[in-house]
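First up is the structure itself, then whatever we jot down about it.
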Amino acid sequence: MNKKSTALFLAQAGVITALYVALTCVAAGFDLASGAIQVRISEALTVLPFFTPAAVPGLIIGCLLANTITGAVLPDIIFGTLATAIGAFGTLLLKKHSFLCTLPPVLSNAIIIPFVLRYAYAIPGSIPFFCLTVGAGELISCCLLGSVLIHALMPVRKVIFDRAG
């Protein structure tokens, strides 16, 4: 990587980190960032590896910071960040498929976060119920809002994400 591409990578990752934190804080203000029923608007950004690999570290660091800032317990900080990391890497692997790339974050969060809710927060309810509620929130964030984001960014992707842009 040359200096210009390294700087672009770091800038993109930094902007994505900041956006993830800001959007999570907004969702937390409406009590939507955590709990059994959550629709993290910031999770729509997990589709950004479709455009740039810089989104992967941006999302991971953003989730880590957002969970810390919003007062999550340590298991949520660790496993919530892990769920976002798995989702981001999955999106990167499926970047040739604009709809399929929205699914890895849904699946990783729907599988991991219910255990965090049940055991780290001791929220009453069953793991299958939490899988459904977290999965539904992720479907809204990633598949619906994420697909809208992909389609909105497509016309300007070369300007925003390409190295020559």
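Please treat every number below as a calculation from the coordinates, not as lab data. Model, not experiment: these values are computed from the prediction. Positions of Cβ are backbone-derived with ideal geometry, glycine not excepted, and every protein chain shown enters the neighbour counts.
Separation of region 91-121 from region 24-46 is 14 Å, based on Cα centroids. Note on D31/A122: beta-carbon distance plugged into 1/(1 + (r/R0)^6) with R0 of 25 Å gives a FRET efficiency of 0.90.
Binning all Cα-Cα separations of region 1-87 at 5 Å, short to long from zero, yields these whole-percent fractions: 3, 16, 25, 25, 15, 8, 4, 2, 1.
Expressed in Å, the radius of gyration and Dmax of the Cα atoms of region 109-165 are 17.0, 52. Extension gain, A22-M154: 0.36 nm per intervening residue step, less the Cα-Cα distance, totals 45.2 nm.
The modelled label-to-label distance for the pair F99/L74, using points 7 Å beyond Cα in the direction of Cβ, is 4.4 nm. Using every pair of distinct Cα positions in the chain, the Kirkwood expression returns a hydrodynamic radius of 15.7 angstrom. Its Cα centre serving as origin, the chain has a Cβ charge dipole (Lys and Arg +1, Asp and Glu -1) of approximately 620 debye. Helix-only arithmetic for the chain: the sum of -39500 (n - 2.57) across DSSP H runs with n ≥ 4, divided by the residue total, places the mean residue ellipticity at 222 nm at -19500 deg cm²/dmol.
Taking all Cα pairs closer than 8 Å and separated by 6 or more residues, the relative contact order of the chain comes to 26 percent.
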